[in-house]
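What follows is a set of notes on a single structure, which appears directly below.
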Amino acid sequence: MAALKLRINGKEVSTDVDPNTPLLWVLRDSLGLTGTKFGCGMALCGACTVHADGNPIRACSTPVSTVVGQAITTIEGLAPSESKLHPLQEAWIEHDVPQCGYCQAGQLMSAAALLAKTPQPSDADIDAAMAGNICRCGTYQRIRAAVHTAADKLAKGKSA
Amino acid sequence: MNARTRDPVSADEYLREIIREMEGESTAPAARMTVDRRGFLKLTGLAGGGLVLAFCTGTPAEGAAAASAKDFVPNAFIKIGRDGTILIYNKGPEIGQGIKTAFPLIIAEELDAKWSDVVVEQAAVNPAVFGNQSAGGSRSIPSSWDQLRKAGAVARSMLVSAAAATWNVPAAECTTRDSAVLHGNRKLGYGALAAKAATLPVPDAATVKLKERGEYRLLGKWYTGVENRKVVTGKPLFGIDQTLPGMKFAVYEKCPAVGGKVRAANLDEIKKLPGVRDAFVIEGNGKTTEVMPGVAIVADTTWAAFEARKKLRVDWDESAASKDSWSELVKRAGELGKQPVGATTTVAKGATPEALKAAAKTVESYYTYQFVSHAPLEPQNCTAWSHDGIIEFWAPTQTADRALTTVAGALGVPVEKVKINQTRVGGGFGRRLMNDYVCEAGAIAQRFAGPVKLVWTREQDMTQDFFRPGGFHALAGGLDAAGKLVAWRNHFITFTTDGTNPVSGGNLPEQEFPAQNLTNYQLTQTMLPLKTPCGPWRAPRSCSVAWVIQSFLHELSAAAGRDHRDFLLEVMGEPRLLEGGLNTGRAADVIKLACEKAGWGRKLPEGHGLGLAFHFSHAGHFAEVAEVSVDANKKLRVHRMVVVGDIGPIVNMSGSNNQCEGGVTDGFSTMMGLEITMENGRVEQSNFHQYPILRIANQPKVEVHFIQSDNPPTGVGEPALPPVAPAICNAIYAAIGHRVRTLPLTKEGFSV
């Protein structure tokens, strides 16, 4: 066990855990941030995707000690505020993307990392960036449409 | 673990009963009360001057939160506040099929509520109040349609009476719209009428007028899911997200070969591991649908429990465990398939052997499909807490109502001492019709003080499933000189666990298409013994046999040199209703429209093909046309899928489309590369690297069209899936002339 200081969604938090514990379980079991999901435990499904310094990582396979000092963003921290959602979240609602919804936190975090680097992604960009995220319900068609809509929203927001 | 207190029912029988229930033929609902229409809604006073109209029971609605004196609570489904907020309780499990939006829409339609006034909450699990509270067989809409409409209409009628009394005008002169009662230029909102409505007598639900279809204002439009905002912001909706003060985390290890028992385990060593609170053997009751023998480990975090599991050493007694071998079963079926008829005859209609002999042309084929797992993305889990003389559960289950009695029986406690809280479910697909993980959590909670969350690893979830059974069909078809189908013979090779009945999802009923459409039809069956648990998987039976039937029909039309659309319509025959619900007129309509929308018959580039398939299941008529291309290396691209369905009137257009889009993706994913195999009783695939669920890059463009016929509305979670595989395989044949007879497609060298 070790006392670790983490920076999650803009806040400093301390937690006393085995440093080898995957970030996923620190988030979920120690810090109560259950929005990040457990799907496979082997970085195969993307349900646990969070950002470390803006890069999408699989929290299920990332020992917590390796992200000390990095800015971690989870789905709970994706929206700018309680009242204002991220354009991707808005687009997800508008397109009625979720079915069961279990994978969508991970999908959104992968998509957010994509748009941060590639504001106007092509379908091929989306395929590449979202390849690590499984949707068992099969909402890919709406995910693709929602990413494009969010990109348009971001572009309009900037030009306005 | 206490002894069971009721008559034992085998896991097999339990699974068959679930299928019967899903198909609307249940004879013995487990936790249901028959709905007495006369007692449908009864008025009961409530402390504080409010009003409760309880469903079935005549007691205050246990589903509703305590109503304050300011609220109008016309029944267990509806609570209207004086501020005009309309709270609607969703009684069914939300498993991704959109029922938490669809059910309230049905109530809101008859209530004439403005949708933006509606807030939705999950109802308590209490089948005595709410009736059916399960999600399976695409039965939610058809089985609850009338109940929900009447719940809304009764409330509306009371609000109209309240307004009429206020204005001193006949109720018949009043109308409703957008959460208000209107009379001439006068208008009173439902919130303003709530107090008065609460004092009025409740009309008999049987006499309340329901809307005509043409009067619908809400149904059939595009609605986004009521929980979308919570989903996209990561709120704790799912079973696995439940958190209680002082909660601990558990894993439960069972024998990798089903049926193995614990002889010994290194419990002392496990208990000393960091973060581990306890470890113990659970004997179980030997039922796969309840509690199989195993070892529970309870720890401070899920990770500590998972790590301890890696160090767990169990000496399994496998004397009665599964030794199933898929490779051996494939061999044995292959031998059996050489026989034209099987051990038992299901249907012997006309003179099939003679008709085949006399046919101008005969085609013989042997089809094989694989076992598959459900693999919902949320692994099985359940939180349980033994406290205050009860056991309370937070369960992501598809059958919350059944869970009550199943759990009570498995744990040996009275059903009154079981409380189940229904959470959102991270994917059902039929897996969570069984409540084994709920029973396991309960068995652990009986041994451990304080709340415990049981979480299965992905590996456990994939290997310890109730699998969609594989199967084998040795077929022969006969064509006359005009290329008309005149005889059909199928020797179906399936599996049995009890030696008498086919496994769940491994049956082929006598009514299955095209049995009733042909003069000469013979269906025989041989069953191979199996211990691997099987269960309902999205569109049970249909999800596999539709591929065989619709592929073989295409083989026949190709052999006859005929257009497949014309051939299929000819087999369907004149418009009529067949036993089991297939309406050949509705079938023909969806087939024709699917072909029209897909541009059937148009010229395609080299290596491209169109494939058509139809299937009727879960009361839904669906035709689909796939457009594919295949390159020289058998790399497959599904460019487009046109889906045309007739499920009667649509409740929520977005939700219905989404189910069809997902059905296509699921169908394609499953036929493409998913396969569960077992050797020595052990499942060989453990995680997604060996079970490659389709990724976004391979998603076809899906177009959905509905024929909203004037039939009762039916469900859409399942029936769009079965035609997917045959449509794609028929398109592959059209593209490159290769007939696929083994699934998944990777077995025949295809890739995406």
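The values are calculated or read from the model by the stated rules, or taken from the named source; none is laboratory data. Because the structure is a prediction, the values reported are computed rather than measured. Cβ sites come from the backbone with ideal geometry, for glycine too, and all protein chains shown count toward neighbours.
Considering only residues that are polar (S, T, N, Q) and in a strand (DSSP E or B), look in the range B:418-437 and name the one that is farthest from the other protein chains (Cβ to nearest Cβ).
Once the filter is applied, the top-ranked residue is B:Asn421.
Could you please let me know if A:Pro63 is under 30 Å from B:Pro376 (Cα atoms), in contact (Cβ under 8 Å) with a residue 12 or more places away in the chain, more than 10 Å from chain B (Cβ to nearest Cβ) and buried (at least 16 other Cβ atoms within 10 Å of the Cβ)?
no
Would you check if A:Leu31 is aliphatic (A, V, I, L, M), more than 7 Å from chain B (Cβ to nearest Cβ) and closer than 15 Å to B:Phe306 by Cα?
Answer is no for this residue.
Looking only at the range B:318-363, which residues are loosely packed, with under 15 Cβ neighbours inside 10 Å, of a type in the set (Asp, Glu) and more than 18 Å from B:Gln525 (Cβ to Cβ)?
B:Glu328, B:Glu354
The rows are residues; the columns are (1) over 30 Å from B:Ser327 (Cα atoms); (2) β-branched (Val, Ile, Thr); (3) surrounded by 24 or more Cβ atoms within 10 Å (Cβ to Cβ); (4) in contact (Cβ under 8 Å) with a residue 60 or more places away in the chain.
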position: B:Lys592; (1), (2), (3), (4): yes, no, no, no
position: B:Ala632; (1), (2), (3), (4): no, no, no, no
position: B:Arg640; (1), (2), (3), (4): yes, no, no, yes
position: B:Gly673; (1), (2), (3), (4): no, no, no, yes
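Of the residues that sit in the range A:88-102 and are on the phi < 0 side of the Ramachandran plot and surrounded by fewer than 24 Cβ atoms within 10 Å (Cβ to Cβ), which one is nearest to the other protein chains (Cβ to nearest Cβ)?
A:Ile93
Among the listed residues B:Val363, B:Val341, identify the single one that is touching a residue at least 12 places away in the same chain (Cβ under 8 Å) and touching a Ser or Thr at 6+ places or on another chain (Cβ under 6 Å).
Within the list B:Val363, B:Val341, the selection yields B:Val341.
Within the range A:6-19, can one find any residue that is touching a residue at least 12 places away in the same chain (Cβ under 8 Å), more than 29 Å from B:Leu273 (Cβ to Cβ) and away from every other protein chain (no Cβ under 12 Å)?
yes
In the range B:681-699, which residues are closer than 21 Å to B:Thr368 by Cβ and surrounded by fewer than 18 Cβ atoms within 10 Å (Cβ to Cβ)?
B:Glu684, B:Gln690
In the range B:370-397, which residue that is in a strand (DSSP E or B), in contact (Cβ under 8 Å) with a residue 40 or more places away in the chain and β-branched (Val, Ile, Thr) is surrounded by the most Cβ atoms within 10 Å (Cβ to Cβ)?
Looking at the filtered set, the residue picked out is B:Thr383.
Determine which single condition B:Ala198 fails, assuming it passes every other condition in (1) more than 14 Å from chain A (Cβ to nearest Cβ); (2) in contact with a strand residue (DSSP E or B) (Cβ under 6 Å, 6 or more places away or on another chain); (3) modelled with pLDDT of 95 or more; (4) over 30 Å from B:Pro712 (Cα atoms).
(3)
For the condition out of contact with any Lys or Arg (no Cβ under 7 Å at 6 or more places or on another chain), touching a residue at least 60 places away in the same chain (Cβ under 8 Å), of a type in the set (D, E, K, R) and more than 27 Å from B:Glu253 (Cβ to Cβ), what is the one hit in B:Asp480, B:Asp461?
B:Asp480
From (1) more than 13 Å from chain A (Cβ to nearest Cβ); (2) under 23 Å from A:Arg136 (Cα atoms); (3) surrounded by fewer than 24 Cβ atoms within 10 Å (Cβ to Cβ), pick out the condition that doesn't hold for B:Ser654.
(1)
Out of everything in the range B:281-291 that is out of contact with any helix residue (DSSP H, G or I) (no Cβ under 7 Å at 6 or more places or on another chain) and within 18 Å of B:Phe448 (Cα to Cα), what residue ends up being surrounded by the most Cβ atoms within 10 Å (Cβ to Cβ)?
By that ranking, first place goes to B:Gly284.
Confirm whether B:Val231 is crowded, with 20+ Cβ neighbours inside 10 Å, touching a Pro at 6+ places or on another chain (Cβ under 6 Å), within 14 Å of chain A (Cβ to nearest Cβ) and over 30 Å from B:Asp278 (Cα atoms). Before the answer, list the steps.
Numbers: crowded, with 20+ Cβ neighbours inside 10 Å: yes; touching a Pro at 6+ places or on another chain (Cβ under 6 Å): yes; within 14 Å of chain A (Cβ to nearest Cβ): yes; over 30 Å from B:Asp278 (Cα atoms): yes.
Answer is yes for this residue.
I need the strands (runs of 3 or more DSSP E) fully contained in the range B:81-196, keeping only those with at least 1 residues that are over 30 Å from B:Phe429 (Cβ atoms).
Of the strands (runs of 3 or more DSSP E) lying wholly inside the range B:81-196, those with at least 1 residues that are over 30 Å from B:Phe429 (Cβ atoms) span B:86-90, B:175-177, B:180-183, B:186-189.
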